[in-house]
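Before any comments, here is the structure.
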Amino acid sequence: MIRTAPILAFVALTCLSFSGCQQVEQPLEAAPMHVTSDDHSFGNPSLVRVVHADLDWTLNFDARQLMGSVTWTVERSDITAPLILDTKGLSIEAVEVGDHRGLRPLPVTFGESHEAFGSSLVIPLHVGEDHVKITYHTAQGGGGLQWLLPEQTAGKKHPFLFSQAQSIMARSFLPCQDSPSVRFTYTARVRTREGLRPVMAAGMLPDRDADGAYRFEMPQPIPSYLLAIACGDLVKESVGPRTDVWAEPAVLSRAAYEFGDTERMIQAAEALYGPYQWERYDILVLPPSFPFGGMENPRLTFATPTILAGDRSLVALVAHELAHSWSGNLVTNATWSDFWLNEGFTVYFERRIMEAVYGKARAEMEALLGRQDLEEDLQELPAKDTQLKTDLKGRDPDEAFSNVPYEKGYLFLRAIEEIVGRERLDPFLKNWFSVNAFQSRTTEDFLGELGKLLSAEERTRLSIDQWVYQPGVPASEPRIVSDALTKVDAITRAYSEGALEAPEIETADWTYHHWLHFLRALPKDLSRNRMSDLDLVFRLTESGNSEILHQWLLIAIRTGYQPAMPALERFLGSMGRRKFLKPLYQELMKTDPDAARRIYTSARSSYHSMAQATLDDIVVPR
Ligand code: BES
Ligand code: ZN
């Protein structure tokens, strides 16, 4: 971002000569002073960089506000530059600066502002000052915190709070340099209502303070998007030597069963790409309004309860969030335009873990379903959003969110694997993670290293430029073959043509993978009778597997299969996972926009602000 005016230097000078200078909030004119490589942050880490935070927070469930302070320790490479932080919707009560001996108050000075990116907070510093304390509280609702009413939880008795900082929402609950290229360590003290348990994606200290505050410590430096907190009626159960599952009491035993393979996954991951560096790997199961499947918050993955299928069939999500402990959390995309470095690597790593723990057949089914997800997006997205390296200038990174960084990124790594073999790729990736640990890296950093791995002939064969900087998928893409799903193809064809009746379909060994593949390939205009045959025999409208139910409901909307509509309404009203909501509302807008609007109007307030932002553009008023 380009910012900040000569007037800024003036502010800094004024403050250098008059301690406690009193100028009032004044907008700073925009004129180039320096350029940082992050289009989504006002921060100036190349001049003054945050390196540590001491958080002192109170979670006020009555006001639905987080209130308290952060004390930043900063490193200064330009002695005249102020500290510039990102904020969004924050009320700043006080700014104090100084050193370890003491602090002096400063007026609150905001700089630039932008609808999506918030406002910069500009803090001039005297020589030698490296501590900045900001006392603040968050806005009510919206932003990176979702405050849930008791009726939105499993237990229905206690409220719940969770954060979601990725991509640029940390600034809505912490004034920070909200860029994935800036890392910091932190400690936290968190106070809240008695009877509620706060947890953070950090080391959780066993003892509470005299005033009842819970204490946390993050000794590994993390980027702001990995800062995370949740609070509610939470209990835990150990499922492995370094894994506890946290959930509401009503959900805990189901969750603990579902995640019983986690230690096997961690060991498989370590065998591939080196030791797990975060000590513990715990999993928190959130209430159903959590807008994502999972979020790789370090030491404490956040997960949707919609993956609790009862049979561990949807645990690829755990493999995925776990894999981020290397790709993403250890080696971080330097900017959101390099997002595929986080997600493409992670999907590749996820499928290697799945293969190691559950076998190649399952990993290959998941790869094929992923390829189908990608195909849908390739059909719909503007060409420039189908590049791996994207141009996000001026846009909220979340607006460009799609399967492309995930599944095209995966295919790119698989294409490399096909050329060099696992014997060469695995040591290369292991080395990438260890050499760049706790650093942020760009696409070009990776391509530089990749260039050294490949011979000239291999570089040409791979068509790197096409993969990374061109839209679509190169014709030379790896071919994914799943024998299990090829068998399903034959069945789908026979059923669609009427050569096979529902009771004759042999589904005894089918998992959600087979079902998704089958349902996705059914003709768009399947008759009402064939729909109800399937439903009668396989009870799809009542499926307890969220992936199967989602796919079935999509088809039900498309074919106008009315008996599934109550289940659709229940599903839309009972969970907030964007990956499910978005296609269902999109489809419903095509066939029954009034129903879509009616359901959305009543459910909207229960959805997370990120899901609301996506759906507001889809379920448009008449
Ligand atoms: N880091 C992402 C979630 C995310 C991405 C949140 C961008 C906000 C902005 C997480 O690791 C993820 O990819 N989750 C997936 C599940 C996964 C199995 C593909 C999801 O939530 O669907
Ligand atoms: Zn991910």
Item checked: For segment 240-289 and segment 376-412, distance of Cα centres in Å -> 29 Å
Check: So which trypsin sites (Lys or Arg not before Pro) in segment 509-568 end up in coil per DSSP with only 12 or fewer other C-beta atoms within 10 Å?
Finding: 524, 539
Note to self: To test your reading of the geometry: what angle, between 0 and 90 degrees and rounded to tens, separates the Cα axis of helix 443-453 from the longest principal axis of the chain?
What the structure shows: 70 degrees
Checklist line | Cβ-placed point charges (K, R +1; D, E -1), dipole of segment 451-515 about Cα centre in debye, nearest 20 | finding: 480 debye
Next item on the list: Considering the options 605, 502, 553, tell which one lies farthest towards the positive end of the dipole of segment 488-622, charges being +1 on Lys and Arg and -1 on Asp and Glu at the Cβ, about the Cα centre.
Entry: 605
Note to self: Helix 249-258 against the longest principal axis of the chain: what's the angle in degrees, Cα atoms only, rounded to the nearest 10?
What the structure shows: 60 degrees
Notebook entry, point to check: Out of segment 181-281, which GluC sites (Glu not before Pro) are coil in DSSP terms and have no more than 16 other C-beta atoms within 10 Å?
Noted result: 194, 279
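Starting from 0.36 nm per residue, how many nanometres of slack lie between residue 361 and residue 418 once their C-alpha separation is accounted for? Can you show the working numbers first?
On the way: separation 57, 0.36 × 57 = 20.52 nm, distance 1.78 nm.
Result: 18.7 nm gained on full extension.
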Item checked: Inter-site label distance for residue 140 and residue 463 at 7 Å from Cα along Cβ, in nm -> 5.6 nm
Next item on the list: Express in nm, to one decimal, how much length is gained between residue 372 and residue 242 on full extension, taking 0.36 nm for each residue of separation and deducting their alpha carbon distance.
Entry: 43.3 nm
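Report the FRET efficiency, 1/(1 + (r/R0)^6), for residue 127 and residue 430, where r is their Cβ-Cβ distance and R0 is 30 Å, rounded to 0.05. Display every interim value, and only then the final one.
Details: r = 44 Å, r/R0 = 1.48.
So, using R0 = 30 Å, E works out to roughly 0.10.
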Check: Which links in 157/582; 384/408; 360/487 stretch past 20 Å when you go from one Cα to the other?
Finding: 157/582
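Hey, can you find the accessible area per residue of segment 228-344 for me, probe 1.4 Å, expressed in square angstrom?
Numbers: 2750 Å² over 117 residues.
That works out to 24 Å² for each residue.
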Item checked: Calculated FRET efficiency for the pair residue 100/residue 622, C-beta based, R₀ 51 Å, to 0.05 -> 0.25
Check: Loop-only check: which trypsin sites (Lys or Arg not before Pro) in segment 111-171 are DSSP coil with at most 15 other Cβ within 10 angstrom?
Finding: 156, 157
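Sorted by mean Cβ packing within 10 Å, highest first, what order do the peptides 46-53, 158-165 take? Intermediate results must be reported in sequence, preceding the final value.
Values: 46-53: 19.0, 158-165: 23.1.
My ranking of the peptides, most packed first, is 158-165, 46-53.
Full extension from residue 62 to residue 116: what is 0.36 nm times the residue separation minus their Cα-Cα distance, to one decimal in nm? Numbers along the way, then the final one.
Details: separation 54, 0.36 × 54 = 19.44 nm, distance 2.72 nm.
Going from the current span to full extension adds 16.7 nm.
Find the relative contact order for segment 512-565 and round it to a whole percent, using C-alpha pairs within less than 8 Å whose residues are 6+ positions apart. Intermediate results must be reported in sequence, preceding the final value.
Working: 40 pairs, mean separation 23.2, N = 54.
Value for segment 512-565: 43 percent.
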Check: At what distance in angstrom do the alpha carbon centres of segment 488-518 and segment 533-566 lie from each other?
Finding: 15 Å
Margin query: Just to confirm the number: angle between the C-alpha axis of helix 546-559 and the first principal axis of the chain, 0 to 90 degrees, nearest 10?
Written below: 70 degrees
Margin query: Could you work out [θ]222 nm for the chain from helices alone, using -39500 (n - 2.57) per DSSP H run of at least four and dividing by all its residues? Round to the nearest 500 deg cm²/dmol.
Written below: -11500 deg cm²/dmol
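Calculate the FRET efficiency for residue 185 and residue 456 from the Cβ-Cβ distance with a Förster distance of 45 Å, rounded to the nearest 0.05.
Working: r = 43 Å, r/R0 = 0.95.
After rounding to 0.05, the efficiency reads 0.55.
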Note to self: Give me, ordered by chain and number, the residues 5 or more places off residue 300 or on other chains with an amide H under 5 Å from its own placed amide H.
What the structure shows: 282
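The values are calculated or read from the model by the stated rules, or taken from the named source; none is laboratory data. These numbers come from a predicted model, not from an experiment. Quick reminder, even Gly has a Cβ in these numbers, built from the backbone with ideal geometry, and neighbours come from all protein chains shown. The accessibility values were calculated without ligands, DNA or RNA, using every heavy atom of the protein model including side chains. Shrake-Rupley method; radii C 1.70, N 1.55, O 1.52, S 1.80 Å.
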